[in-house]
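Values quoted throughout were computed directly from the atomic coordinates according to the rules given, and no laboratory measurement underlies them. As the structure is a prediction and not an experimental result, all values here were calculated from the model. Here the Cβ is made from the backbone with ideal geometry for all residues, glycine too, and neighbour counts use every protein chain on show.
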Amino acid sequence: MPRTLITGGAGFLGSHLCDRFVKEGHDVICMDNLVTGNADNVGHLIGKPNFSFVHYDVTNFIHVDGQLDYILHFASPASPIDYLKLPIQTLKVGSLGTHKALGLAKAKNARFFLASTSETYGDPSIHPQPETYWGNVNPIGIRGVYDEAKRFAEALTMAYHRYHGLETRIIRIFNTYGERMRIHDGRAIPAFITQALRDEDITVFGDGSQTRSVCYVSDLVEGIYRLLLSDYSNPVNIGNPDEVTMLELAKEIKAMIPESKSEIVFTPLPQDDPQVRQPNITLAKSLLGWGPKVDRKSGLEKTIKYFKAALR
């Protein structure tokens, strides 16, 4: 059976990937230092013969016994609330962590898959964003610790591909949501849902006109799986082009929790907050035959159900 290492495997996305690869018959090694991940996310996999968990910080030298076929590098804080609190750790896992994971891939002759982000586009001047756009990022701004860590990780991955001939894949992930997001994640969807369920004010940044395009987690996982098994080494956008303003999103979530007594309030816009975000997924469609299948209403219903249970 294929042997696969998933770094950051106890996180929101990583744990869903562990589920998928275990289901596909891979021998899965989940590696996470649990700074933002949660062992409970993979608790249901403990005891399965083709799953193991390793508590480890991948910014240190990584040793894994035996052969590896795939390494999926998903270790990183991914929410502004995290990478503003953990700026140096975020930079280290994007640089040192990527370097260690690439070194392991080279030693094992494994295919390396980098989780990059739409944040590499910054506050974009091209809309929607194609993979050919180089971005508009403030490297010394408060969000730069995440944006530049991922941009460096992409550059390092391509260097290993070109110089060492390593098999590499790069995904640029657009806003994703679903079960196992944390209550205090800080991103819009978990924040709005939690506030509505607790009858707290729903806080919208700025005037709420900034947009995001949100993708349900099962659609993202499918895109990741297809990209991993493709033969394409340049970055690929995976996300749902269904663009929505933050104010519209807050109103939708409030309406889906009719018992909520919450009111929508407005707070100052954070520094360097992107005004627009929408993936151009032409490449993913043609290359992978991939497109999102879960509409926002269905995805939000599943996510609200999860948060209701989590808050009990």
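Here are the numbers for this structure:
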read-out	value
Three-way shape label, the range 15-73, alpha-carbon gyration tensor, a/c 1.5	oblate
Cα extents of the chain along the three principal axes, largest first (Å)	55, 45, 38
20 °C / 1.002 mPa s Stokes-Einstein diffusion coefficient of the range 51-155, Kirkwood radius on C-alpha pairs, µm²/s	146 µm²/s
Total formal charge among the other residues, if their Cβ is under 12 angstrom from that of ILE253, Lys/Arg +1 and Asp/Glu -1	+1
Rg/Rh for the range 166-312, where both radii come from Cα atoms and Rh is the Kirkwood radius	1.01
Per-peptide average of other Cβ atoms within 10 Å, ordering 25-35, 267-277 highest first	25-35, 267-277
Pairs of lysine residues in the range 218-307 - Cα separation under 16 Å, sequence separation of 8 or more or cross-chain	8
Highest-MSF residue in the chain out of ALA107, ALA284, ALA149 [GNM, Cα springs under 10 Å]	ALA107
Residue with peak Gaussian network fluctuation, the chain [Cα springs, cutoff 10 Å], from LEU156, LEU228, LEU91	LEU156
Charge dipole (the chain, unit charges on Cβ, about Cα centre) - positive-most of GLY223, PRO130, LEU102	LEU102
Additional length obtainable on full extension of the chain from LYS302 to GLN275, 0.36 nm per residue less Cα span	7.0 nm
11 Å beta-carbon shell around ASP19, net charge (K/R +1, D/E -1)	+2
Formal net charge of residues neighbouring GLN129 (Cβ-Cβ distance under 9 Å; K, R +1; D, E -1)	+1
Unit charges on C-beta of K, R, D, E only; dipole of the range 38-161, Debye	260 debye
